[in-house]
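Take a look at the structure set out below.
The values are calculated or read from the model by the stated rules, or taken from the named source; none is laboratory data. Only a predicted model underlies this, so the values are computations on that prediction, with no experimental measurement involved. Positions of Cβ are backbone-derived with ideal geometry, glycine not excepted, and every protein chain shown enters the neighbour counts. Keep in mind that these areas ignore ligands, DNA and RNA; they rest on the heavy atoms of the full protein, side chains included. Shrake-Rupley method; radii C 1.70, N 1.55, O 1.52, S 1.80 Å.
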Amino acid sequence: MAITEQDVLNALMDCYDPELPVNIVDLGLVYAVRITPDENSTEAFPRQRVEVDVTMTTQACPSHGIILERVQNRLAGVAEISDAAVNLVWEPAWTPNRISQQARERLGLV
């Protein structure tokens, strides 16, 4: 079965910003997920290549290396993914408006 964008996002919900008790998906740090078939996979076990665009809350974020490593490691642990690329992007700039309602409640921003 082919992996979906939602499957990737669900996997990335295991990745947390070390400074906040919120995962990077609910923080709105994941900007894009692109999935393409891996032409070297078999019909019996189809695998996909995944490319994810991730941003940080600020360009001076001291945890950016840890967060990117966690994303890469989490995607490497998904059996249906043969290769994962994680791109750090800055456009558009992150704003608190990207935080999910659930995360806002958890952070006391409501």
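Could you tell me what percent of the accessible area of the chain is made up of carbon and sulfur, with a 1.4 Å probe and every protein chain present?
On the way: 3220 of 6440 Å².
Reported share for carbon and sulfur atoms: 50 percent.
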*With the other protein chains left in place, how much accessible area per residue, in square angstrom, belongs to the chain at a 1.4 angstrom probe?*
59
*After finding the eigenvalues of the alpha carbon gyration tensor for segment 9-101, what semi-axes result from the square roots of 5 times each, listed largest first in whole Å?*
26, 13, 12
*Which Rg and Dmax, in Å, describe the Cα atoms of segment 32-81?*
13.9, 45
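With a 10 Å radius around each residue's Cβ, average the other Cβ atoms per peptide and rank 92-99, 62-69, highest first. Before the final figure, lay out each step's value.
On the way: 92-99: 12.6, 62-69: 14.9.
In decreasing order of mean packing, 92-99, 62-69 become 62-69, 92-99.
Using a Förster distance of 30 Å, how high is the FRET efficiency between Gln102 and Thr36, based on the Cβ-Cβ distance and rounded to 0.05? Display every interim value, and only then the final one.
On the way: r = 30 Å, r/R0 = 1.01.
About 0.50, to the nearest 0.05.
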_Whole-angstrom gap from segment 1-60 to segment 85-110, using each part's C-alpha centre_ = 15
*Spin-label pair Gln59/Thr4, simplified geometry with 7 Å Cα→Cβ offset, distance in nm*: 3.7
*Could you tell me the accessible area of Tyr31 in Å² (1.4 Å probe, neighbours in place), rounded to the nearest ten?*
50
_How high is the relative contact order of the chain? Use alpha-carbon pairs under 8 Å, at least six apart in sequence, and give a whole percent._
31
